[in-house]
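**Student:** Have a look at this one before I ask anything.
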Amino acid sequence: MRSLFILLLFTSLSTVYSQEKLPNIIIMIGDGMGLTQISSGMYANKNSTALEGFEYVGLSKTHALDKLVTDSAASGTAMACGVKTYNGVIGIDGKNKSHPSILEICQKKGYKTGLVATSSIVHATPASFYAKVISRRLYEKIAFQLSQHNVDLFVGGGKDYFTKRDDNRNLINEMSEYEFVNGLNDFKSSQSEKIGYLTYNGEPPSKIEGRDPDLNDLVSISLEKLSSKNSPFFMLVEGSQIDWGGHANDLDYIVSEFKEFDKTIQSVLDFAKNNGNTLVIVTADHETGGLALTDGKLNQSKVKGKFNTGGHSATMVPVFSYGPNSKLFSGIYENTAIFDKMFEAIQ
């Protein structure tokens, strides 16, 4: 009996020890955030960006399975699941086979998990980390899949996809293990193991239009909650609306969204430096707008630009990394390699 007790104790301690050694992973995706969007935000922010504090920089090739120009579903799937797929498809490859995401793989290793976005939580990029659907437009199906998932914490818009559904189900009522909070103070004070915070009924407004709460506050609180557990954690943060500014060919929109995202990056980087065992990756799913910087006044933090498209472009996007195994993310590679490198980092 004593030998069995010692064996069980050793096994338990070994599990805890191995989990302590596994790094936290925070991947931050600026949707539509190419190098020119970063440059615009930097010059408009007194020639400064939190990205200057990262250790390594790489470049990601963003093309979809059959198209040179990707969308957020195909690119999100590539980064989250490690496979190329068709535009519009989430979590399923070109042969109709579904694949586990890095978030789901982390869950099996005992990680706590979180999703935070400035879009609806069922939008293509966050959905790529938990959903398997043939069309990114199947928002109610994506919401249902999230309700059946085991994500510990999620924050984003899209409440109506959970409550005002064609099937008349109220998924919030069905998700009894979750506490759904109604404001930032409730979110901060919640002691629940699982939390849902649906910030808007539909898609959140832009920062210029007064979107609240601030992404930095949402992420800071999420970090407090996920890091307080006795487990490593995986978190996705998306600055969703940099992309929407690109589609609108609105440079002010892009800059305001990037500034908020950049402030959040700095907070995450500060957390990682203090924690000592957190891998941070900042990248984009694609560039939007074909933006070129054409003029500006550096001493006034003003920039001017021209757009080549109202859609996406095929240009490579940067990948910034900091923390354990961050060197893996240097070089030039397919966006599927971002999954591979995160997977390698947790072995």
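**Student:** Could you count how many residues in the stretch 139-151 are in a loop (DSSP other than H, G, I, E, B) and among the hydrophobic types (A, V, I, L, M, F, W, C)?
**Tutor:** Residues of the stretch 139-151 that are in a loop (DSSP other than H, G, I, E, B), as a first pass: 148-151.
Next, only the ones that are among the hydrophobic types (A, V, I, L, M, F, W, C) stay: 151.
Qualifying residue count, the stretch 139-151: 1.
**Student:** Here's a follow-up. Of N277, N308, which residue is touching a residue at least 24 places away in the same chain (Cβ under 8 Å) and surrounded by fewer than 24 Cβ atoms within 10 Å (Cβ to Cβ)? Before you say what the answer is, go through the steps one by one.
**Tutor:** Details: N308 fails: touching a residue at least 24 places away in the same chain (Cβ under 8 Å).
That would be N277, the only listed residue that is touching a residue at least 24 places away in the same chain (Cβ under 8 Å) and surrounded by fewer than 24 Cβ atoms within 10 Å (Cβ to Cβ).
**Student:** Please go through (1) surrounded by 18 or more Cβ atoms within 10 Å (Cβ to Cβ); (2) touching a Leu at 6+ places or on another chain (Cβ under 8 Å) for D285 and return the number of the only condition it doesn't satisfy.
**Tutor:** Going through (1) surrounded by 18 or more Cβ atoms within 10 Å (Cβ to Cβ); (2) touching a Leu at 6+ places or on another chain (Cβ under 8 Å) one by one, D285 breaks only (2).
**Student:** Looking at K95, is it modelled with pLDDT of 95 or more, among the basic types (K, R) and not in a loop (DSSP other than H, G, I, E, B)?
**Tutor:** Working: modelled with pLDDT of 95 or more: yes; among the basic types (K, R): yes; not in a loop (DSSP other than H, G, I, E, B): no.
When the stated conditions are applied, K95 does not pass them.
Residue-by-condition table, conditions (1) in contact with a Pro (Cβ under 9 Å, 6 or more places away or on another chain); (2) closer than 22 Å to C106 by Cβ; (3) among the acidic types (D, E); (4) loosely packed, with under 14 Cβ neighbours inside 10 Å:
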residue: A127; (1), (2), (3), (4): no, yes, no, no
residue: N150; (1), (2), (3), (4): no, yes, no, yes
residue: G156; (1), (2), (3), (4): yes, yes, no, no
residue: Y161; (1), (2), (3), (4): no, no, no, no
residue: F187; (1), (2), (3), (4): yes, no, no, no
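**Student:** Quick check on F258: is it within 30 Å of D295 (Cα to Cα) and not hydroxyl-bearing (S, T, Y)?
**Tutor:** On the way: within 30 Å of D295 (Cα to Cα): yes; not hydroxyl-bearing (S, T, Y): yes.
For F258, the condition - within 30 Å of D295 (Cα to Cα) and not hydroxyl-bearing (S, T, Y) - is met.
**Student:** Hand me the list of helices (runs of 4 or more DSSP H) wholly inside the stretch 152-269 holding 2 or more residues that are over 16 Å from M33 (Cα atoms), modelled with pLDDT of 95 or more and touching a strand residue (DSSP E or B) at 6+ places or on another chain (Cβ under 9 Å). Before you say what the answer is, go through the steps one by one.
**Tutor:** Details: elements: 160-163, 171-174, 184-189, 215-227, 242-247.
So the answer is 160-163, 184-189, 215-227.
**Student:** With respect to V57, is the statement that it is surrounded by fewer than 21 Cβ atoms within 10 Å (Cβ to Cβ), of a type in the set (V, I, T), assigned to a loop (DSSP other than H, G, I, E, B) and at pLDDT 95 or above true?
**Tutor:** Values: surrounded by fewer than 21 Cβ atoms within 10 Å (Cβ to Cβ): yes; of a type in the set (V, I, T): yes; assigned to a loop (DSSP other than H, G, I, E, B): no; at pLDDT 95 or above: yes.
It is false that V57 is surrounded by fewer than 21 Cβ atoms within 10 Å (Cβ to Cβ), of a type in the set (V, I, T), assigned to a loop (DSSP other than H, G, I, E, B) and at pLDDT 95 or above.
**Student:** A follow-up question, please. Residue check, E209 against (1) farther than 23 Å from K341 by Cβ; (2) in contact (Cβ under 8 Å) with a residue 12 or more places away in the chain; (3) of a type in the set (D, E), all met but one. Which one?
**Tutor:** (2)
**Student:** Across the stretch 176-185, what is the total count of residues that are surrounded by fewer than 17 Cβ atoms within 10 Å (Cβ to Cβ) and either among the charged types (D, E, K, R) or under 19 Å from H149 (Cα atoms) (or both)?
**Tutor:** The qualifying residues number 3.
**Student:** So which residues in the stretch 88-105 are buried (at least 23 other Cβ atoms within 10 Å of the Cβ) and within 17 Å of F154 (Cβ to Cβ), if there are any at all? Before the answer, list the steps.
**Tutor:** So the first thing to find is which residues in the stretch 88-105 are buried (at least 23 other Cβ atoms within 10 Å of the Cβ), and the list is 89-91, 101-103.
Correct list: I90, G91, S101, I102, L103.
**Student:** For the stretch 270-278, indicate whether the set of residues that are farther than 13 Å from M42 by Cβ and part of a strand (DSSP E or B) is non-empty. Explain how you work it out, then say what you get.
**Tutor:** Taking the stretch 270-278 first, the residues farther than 13 Å from M42 by Cβ are 270-278.
Now drop any that are not part of a strand (DSSP E or B), which leaves 278.
Checking the stretch 270-278: at least one residue is farther than 13 Å from M42 by Cβ and part of a strand (DSSP E or B).
**Student:** Could you grab me the full set of residues in the stretch 107-138 that are part of a loop (DSSP other than H, G, I, E, B), under 15 Å from L236 (Cα atoms) and charged (D, E, K, R)? So that I can check it myself, show each step before the final result.
**Tutor:** Filtering the stretch 107-138 down to residues part of a loop (DSSP other than H, G, I, E, B) leaves 109-111, 121-123, 128-132, 134-138.
So of that shortlist, the ones also under 15 Å from L236 (Cα atoms) come out as 111, 121-123, 128-131.
Of everything in the stretch 107-138, nothing turns out to be part of a loop (DSSP other than H, G, I, E, B), under 15 Å from L236 (Cα atoms) and charged (D, E, K, R).
**Student:** Which ones in the stretch 123-160 are closer than 22 Å to K225 by Cβ, among the β-branched types (V, I, T) and out of contact with any Leu (no Cβ under 7 Å at 6 or more places or on another chain)?
**Tutor:** Result: T125, single match.
**Student:** Are any residues in the stretch 313-323 under 19 Å from the mean Cα position of the chain (by Cα) and either outside any strand (DSSP E or B) or of a type in the set (D, E, K, R) (or both), and if so, which ones? Please lay out each step first, then the result.
**Tutor:** Restricting attention to the stretch 313-323, the residues satisfying the condition of being under 19 Å from the mean Cα position of the chain (by Cα) are 316-323.
Across the stretch 313-323, the qualifying residues are M316, G323.
For every residue, the table says whether it meets (1) in contact (Cβ under 8 Å) with a residue 60 or more places away in the chain; (2) over 23 Å from I221 (Cα atoms); (3) within 20 Å of the chain's Cα centre (by Cα).
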{"position": "G114", "(1), (2), (3)": "yes, no, yes"}
{"position": "T125", "(1), (2), (3)": "yes, no, yes"}
{"position": "A131", "(1), (2), (3)": "no, yes, yes"}
{"position": "L146", "(1), (2), (3)": "no, no, yes"}
{"position": "R165", "(1), (2), (3)": "no, yes, no"}
{"position": "N170", "(1), (2), (3)": "no, yes, no"}
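**Student:** Of a type in the set (G, A, S), on the phi > 0 side of the Ramachandran plot and buried (at least 23 other Cβ atoms within 10 Å of the Cβ): does that describe G82?
**Tutor:** Working: of a type in the set (G, A, S): yes; on the phi > 0 side of the Ramachandran plot: yes; buried (at least 23 other Cβ atoms within 10 Å of the Cβ): yes.
Yes, satisfied.
**Student:** Quick test of your reading of the structure: V282 fulfils all but one of (1) assigned to a helix (DSSP H, G or I); (2) under 20 Å from the mean Cα position of the chain (by Cα); (3) within 22 Å of K46 (Cβ to Cβ). Name the failing condition by number.
**Tutor:** V282 satisfies every listed condition except (1).
**Student:** Continuing with this model, one more query. Looking at the stretch 76-115, which of its residues are within 29 Å of S192 (Cα to Cα) and hydroxyl-bearing (S, T, Y)?
**Tutor:** Within the stretch 76-115, S101, Y111, T113 qualify.
The values are calculated or read from the model by the stated rules, or taken from the named source; none is laboratory data. As the structure is a prediction and not an experimental result, all values here were calculated from the model. Please note: Cβ atoms are built from the backbone with ideal geometry, for glycine as well, and neighbour counts cover all protein chains shown.
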